[in-house]
Amino acid sequence: MSLAMTKNKFKQAMQAQQKQLGAFMALADSSAAELMATTGFDWLLIDAEHGPNDIKSIMQQLQALAAYPVNPVVRLQDHNVADIKRVLDVGAQTLLIPMVDSAQQAEQLAKAARYAPKGVRGMGGGLTRATRWGAITDYLTQADDNICLLLQIESLEGLAELDAIAQVDGVNGIFLGPADLAASMGYLGQPAHPEVCRVVEQAIQRIHALGKPVGVYCGDPAQTERYQQMGASFFLIAADTMLLKGAADALVNRFRA
């Protein structure tokens, strides 16, 4: 049996500058992922940086989301090349890598996500879910075009190297992390501080001017609209944990009032 390669619709929409709304998924549960897939988000971020995800829970959530018109993105915990290979092999097509501070790091990550001669990704073939265990016969020739590599800039060091990072071949988009950036700037726990917002806005404009798609985390609809006007196109606006906690708190408080 031969299967067709699944096209990366997130990458296509991002390159077309279409607005995409996403949410963190930190519950590390396939049922929770499937529930989130029914809500209308354009993309869902399976978080292995701060969420308790491992390679099996990532694969299970990818399987759960596959039946729905939502785009999965996986955030890895670090820059480990072997982990990048494994996450791609279980079927992830879009990766978000945190804490990127230099063009050298960006180049290494771009190589990790691509096959030779452009990269160093190892061959898994019929062993991997990505190829549907060999059923996608043209996977090797189409994989690189359908892999989307997003790098997260969230430090003053990363901002200083922003232009060089954004222009690395194989980097498809830049995502800005205001929370860690705020800490880096001396505003710990204040991602909405006016100075942090100003720096984020400047970064969005710089990245957009370079012709690179840019995304950002922002829970404020008005600020999200402002970021979009400046060139941002993909956003994280919520998290499964926070949505559950907020709804539960609101319900209990309503009945205790």
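The values are calculated or read from the model by the stated rules, or taken from the named source; none is laboratory data. Just so we're clear, the structure is a prediction, and the values are computed from it rather than from any experiment. Glycine also receives a Cβ, built like all others from the backbone with ideal geometry; neighbour counts cover every protein chain displayed.
A few points about this structure:
- Among the residues of this structure, Asp240 counts as one that is farther than 18 Å from Ala166 by Cβ, in contact with a Leu (Cβ under 8 Å, 6 or more places away or on another chain) and in contact (Cβ under 8 Å) with a residue 24 or more places away in the chain.
- Test: residue in region 9-19 that is in a loop (DSSP other than H, G, I, E, B), closer than 23 Å to Ala143 by Cβ and in contact with a strand residue (DSSP E or B) (Cβ under 6 Å, 6 or more places away or on another chain): no
- Test result for Lys56, within 18 Å of Asp144 (Cβ to Cβ) and either polar (S, T, N, Q) or out of contact with any Leu (no Cβ under 7 Å at 6 or more places or on another chain) (or both): no
- Every residue from region 34-46 that is buried (at least 22 other Cβ atoms within 10 Å of the Cβ) and not in a helix (DSSP H, G or I): Trp43, Leu44, Leu45, Ile46
- Odd one out for Lys118, checked against (1) in a helix (DSSP H, G or I); (2) more than 22 Å from Ile207 (Cβ to Cβ): (1)
- Subset of region 203-233 (residues that are part of a loop (DSSP other than H, G, I, E, B) and either of a type in the set (Asp, Glu) or in contact (Cβ under 8 Å) with a residue 24 or more places away in the chain (or both)): Leu210, Lys212, Pro213, Cys218, Asp220, Gly231, Ala232, Ser233
- Qualifying residue in region 82-100 (condition: in contact with a Lys or Arg (Cβ under 8 Å, 6 or more places away or on another chain) and either modelled with pLDDT under 95 or at positive phi (or both)): yes
- When Ala92, Ala110 are checked against the criterion of being aliphatic (A, V, I, L, M), buried (at least 18 other Cβ atoms within 10 Å of the Cβ) and either touching a residue at least 60 places away in the same chain (Cβ under 8 Å) or out of contact with any strand residue (DSSP E or B) (no Cβ under 8 Å at 6 or more places or on another chain) (or both), Ala110 stands alone in meeting it.
- Restricted to region 128-141, and to residues there that are without any contact (Cβ under 8 Å) to a residue 24 or more places away in the chain and part of a loop (DSSP other than H, G, I, E, B), the residue that is surrounded by the most Cβ atoms within 10 Å (Cβ to Cβ) is Thr131.
- Qualifying residue in region 179-199 (condition: surrounded by 17 or more Cβ atoms within 10 Å (Cβ to Cβ) and either touching a residue at least 60 places away in the same chain (Cβ under 8 Å) or in contact with a Cys (Cβ under 8 Å, 6 or more places away or on another chain) (or both)): yes
- Of the residues making up region 91-119, those that are under 16 Å from the mean Cα position of the chain (by Cα) and within 18 Å of Gly134 (Cα to Cα) are Gly91, Ala92, Gln93.
Listed here are the residues, each with its yes/no results for (1) buried (at least 19 other Cβ atoms within 10 Å of the Cβ); (2) farther than 18 Å from Gln12 by Cβ; (3) in contact (Cβ under 8 Å) with a residue 24 or more places away in the chain.
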{"residue": "Ala48", "(1), (2), (3)": "yes, yes, yes"}
{"residue": "Lys56", "(1), (2), (3)": "no, yes, no"}
{"residue": "Val70", "(1), (2), (3)": "yes, no, yes"}
{"residue": "Gln77", "(1), (2), (3)": "no, yes, yes"}
{"residue": "Leu88", "(1), (2), (3)": "yes, yes, yes"}
{"residue": "Gly126", "(1), (2), (3)": "no, yes, no"}
{"residue": "Ala143", "(1), (2), (3)": "yes, no, yes"}
{"residue": "Leu151", "(1), (2), (3)": "yes, yes, yes"}
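- Met5 assigned to a loop (DSSP other than H, G, I, E, B) and either at pLDDT below 95 or closer than 27 Å to Ala135 by Cα (or both): yes
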